[in-house]
1. If you go through region 25-32 one residue at a time, do you hit one that is in a strand (DSSP E or B), touching a strand residue (DSSP E or B) at 6+ places or on another chain (Cβ under 6 Å) and either at pLDDT below 95 or among the aromatic types (Phe, Trp, Tyr) (or both)?
2. So which residues in region 53-85 are crowded, with 19+ Cβ neighbours inside 10 Å and over 13 Å from Leu126 (Cα atoms), if there are any at all?
3. Report, ordered by the first and then the second residue, all pairs with beta carbons closer than 7 Å, sequence separation of six or more or different chains, a first member in region 49-61 that is among the acidic types (Asp, Glu), and a second member that is surrounded by 16 or more Cβ atoms within 10 Å (Cβ to Cβ).
4. Against the definition (in contact (Cβ under 8 Å) with a residue 60 or more places away in the chain, surrounded by 16 or more Cβ atoms within 10 Å (Cβ to Cβ) and outside any loop (DSSP other than H, G, I, E, B)), how does Gly90 come out, yes or no?
5. Within region 14-30, can you find the residues that are among the hydrophobic types (A, V, I, L, M, F, W, C), free of Cβ contacts under 8 Å to residues at least 60 places away in the same chain and surrounded by 14 or more Cβ atoms within 10 Å (Cβ to Cβ)?
6. Determine, yes or no, whether Leu37 is hydrophobic (A, V, I, L, M, F, W, C) and either out of contact with any Phe, Trp or Tyr (no Cβ under 8 Å at 6 or more places or on another chain) or over 21 Å from Gly111 (Cβ atoms) (or both).
7. Among the listed residues Pro102, Pro107, identify the single one that is more than 15 Å from the chain's Cα centre (by Cα), modelled with pLDDT of 90 or more and in a loop (DSSP other than H, G, I, E, B).
Amino acid sequence: MSGTIPPHIEPLRLVDRRITLEGVVKTASLGRLAALLDAPTGDVQVELYFSRDEQGIATMHGRYQVDAPLVCQRCLEQVVVPIDSECDVGFVKSDEAAKQLPRRYEPVFVGEEPLDLFALIEDELLLALPAVPMHPPQTCQHPPGYRPETAELEEKSEKPNPFSVLANLKRDT
């Protein structure tokens with residue numbers, strides 16, 4: 001299925017039918033992510049593949065792509081960080097089932113109520129954001145009013161060694 005991704009799904013139904021969802025999610029509908037962005041951005045491209053693995057575990061493989069405008073922590077200007085994230089989810093109904101899940105799957109608890117798919121997508125995007133967004137060093141400019149530390153210039157000048165007097169005393173004995 002292509003088009004707009006639904007905000008809520010019944011994952012076990014999609015797994016049994018081996019459904020693939022492809023489409024977009026508006027970043028405005030992802031409030032926590034939108035709050036971190038420096039400017040409004042385009043839509044998140046989403047691909048979700050629902051199936052059962054060789055052990056019969058209900059799974060979803062997701063891929064999320066968006067260009068996230070963030071604030072560079074070096075120059076405080078906008079930097080666009082391309083996010084291309086993938087995840088593998090295993091749907092479980094209990095803590096015991098989550099413990100038995102293979103390590104390659106992140107457990108997602110499902111019940112009788114529909115799953116909030118937008119929250120799941122938003123969680124994955126938040127985890128994919130860099131902790132400290134920055135431009136590459138060669139393209140990053142210092143903010144206006146920045147002055148380099150004068151200590152760096154002072155280190156280059158020759159300072160007299162305060163212990164040179166001790167060297168003279170050692171020679172005298």
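The values are calculated or read from the model by the stated rules, or taken from the named source; none is laboratory data. Everything quoted here is computed from the prediction, not taken from an experiment. Cβ: placed from backbone, ideal geometry, glycine included. Neighbour counts: every protein chain shown.
1. Yes, that holds for at least one residue.
2. Ala58, Thr59, Met60, Gly62, Cys72, Val79
3. Filtered contacts from region 49-61: Asp53/Thr59.
4. In short, no.
5. Leu14, Ile19, Leu21, Val24 - these are the residues of region 14-30 that are among the hydrophobic types (A, V, I, L, M, F, W, C), free of Cβ contacts under 8 Å to residues at least 60 places away in the same chain and surrounded by 14 or more Cβ atoms within 10 Å (Cβ to Cβ).
6. yes
7. Pro102
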